[in-house]
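Participant: Quick one: the structure is below, and I'll ask about it shortly.
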Amino acid sequence: MAQDSRSALRDWRRCRIGANCAIDRATLGKTVIAAGTKFSNLVAIGHGTKVGENCMFVAQVGIAGSVTVGQHVMMAGKAGVAGHLSIGDHAEIAAMSGVMRDVPAKTRVGGTPALPIKDAMRSISLFEKLPQLYKQIQGLEAELERLKKKLET
């Protein structure tokens, strides 16, 4: 299918687009970047995406096609958003996050998959402790087996 539609920068004088950014045009409809939005370098915006006013996307943010981004949204470096999702107004997405479901307005998310920021930080903290916890579980299982054998005799 020929791509016959357009990409639109609303009030391009108020937008800032860094080096090597890609804004794909839509197959049907438009890809729209609203006034006041700022892209650092290497930002990729998928076809049919609509970005609200005064958003900020830091280097290497990637947004798949047909995403709706609200106003005043901040996405930190290397964050990625899967297609056909909605990011609410004033949402914040932490660096290197993988957004795979809608983000409500005024929500801070982080991690992969993206979770509310407090849950993401807790998960990261626990993840670092997994080797130690695994050793503890192995020790407890061995102790349990020893006690079971002792009871049987």
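The values are calculated or read from the model by the stated rules, or taken from the named source; none is laboratory data. Predicted model, so just to flag it, every value in this text is computed and none were measured. Here Cβ is always computed from backbone atoms with ideal geometry, including for glycine, and neighbour counts include all displayed protein chains.
Participant: Pairs only if they're at least six apart or on different chains, beta carbon under 7 angstrom, first in region 89-103 and under 13 Å from A76 (Cα atoms), second of a type in the set (S, T, Y); list them, first residue then second.
Facilitator: Cβ pairs passing all conditions: A91/T107; S97/T112; G98/T112.
Participant: Name the pairs: first residue in region 127-153 and on the phi < 0 side of the Ramachandran plot, second residue part of a helix (DSSP H, G or I), Cβ to Cβ under 9 Å, at least 6 apart or on different chains?
Facilitator: L133/L126
Participant: Continuing with the same structure: Would you check if M1 is under 13 Å from the mean Cα position of the chain (by Cα), surrounded by fewer than 17 Cβ atoms within 10 Å (Cβ to Cβ) and either modelled with pLDDT of 95 or more or aliphatic (A, V, I, L, M) (or both)? Lay out the reasoning, then the answer.
Facilitator: Details: under 13 Å from the mean Cα position of the chain (by Cα): no; surrounded by fewer than 17 Cβ atoms within 10 Å (Cβ to Cβ): yes; either modelled with pLDDT of 95 or more or aliphatic (A, V, I, L, M) (or both): yes.
The answer is no for M1.
Participant: Please work out which residue is surrounded by the most Cβ atoms within 10 Å (Cβ to Cβ), limiting yourself to region 28-79 and to residues that are outside any loop (DSSP other than H, G, I, E, B) and among the hydroxyl-bearing types (S, T, Y). Don't jump to the end; show me each part of the working.
Facilitator: Here is the first cut: in region 28-79, the ones outside any loop (DSSP other than H, G, I, E, B) are 30-33, 38-39, 44-45, 50-51, 56-57, 62-63, 68-69, 74-75.
Those left that are additionally among the hydroxyl-bearing types (S, T, Y): 31, 68.
Values: T31: 22, T68: 16.
If we take residues in region 28-79 being outside any loop (DSSP other than H, G, I, E, B) and among the hydroxyl-bearing types (S, T, Y), then T31 is surrounded by the most Cβ atoms within 10 Å (Cβ to Cβ).
Participant: Another question about this same structure. If a residue must be in contact with a strand residue (DSSP E or B) (Cβ under 6 Å, 6 or more places away or on another chain) and assigned to a loop (DSSP other than H, G, I, E, B), how many such residues does region 94-117 contain?
Facilitator: 6
Participant: While we're looking at this one, here's another question. Just one of the numbered conditions (1) modelled with pLDDT of 95 or more; (2) more than 29 Å from A120 (Cβ to Cβ) is not true of A8; which one?
Facilitator: Among (1) modelled with pLDDT of 95 or more; (2) more than 29 Å from A120 (Cβ to Cβ), A8 violates only (1).
Participant: In region 80-93, which residues are surrounded by fewer than 19 Cβ atoms within 10 Å (Cβ to Cβ) and in a loop (DSSP other than H, G, I, E, B)?
Facilitator: Matches in region 80-93: A82, G83, H84, L85, G88, D89, H90.
Participant: If you check A120 against the conditions, is it surrounded by 14 or more Cβ atoms within 10 Å (Cβ to Cβ) and part of a helix (DSSP H, G or I)?
Facilitator: yes
Participant: Looking only at region 17-46, which residues are in contact (Cβ under 8 Å) with a residue 40 or more places away in the chain and within 18 Å of V99 (Cα to Cα)?
Facilitator: Listed by number, the list is empty, since nothing qualifies.
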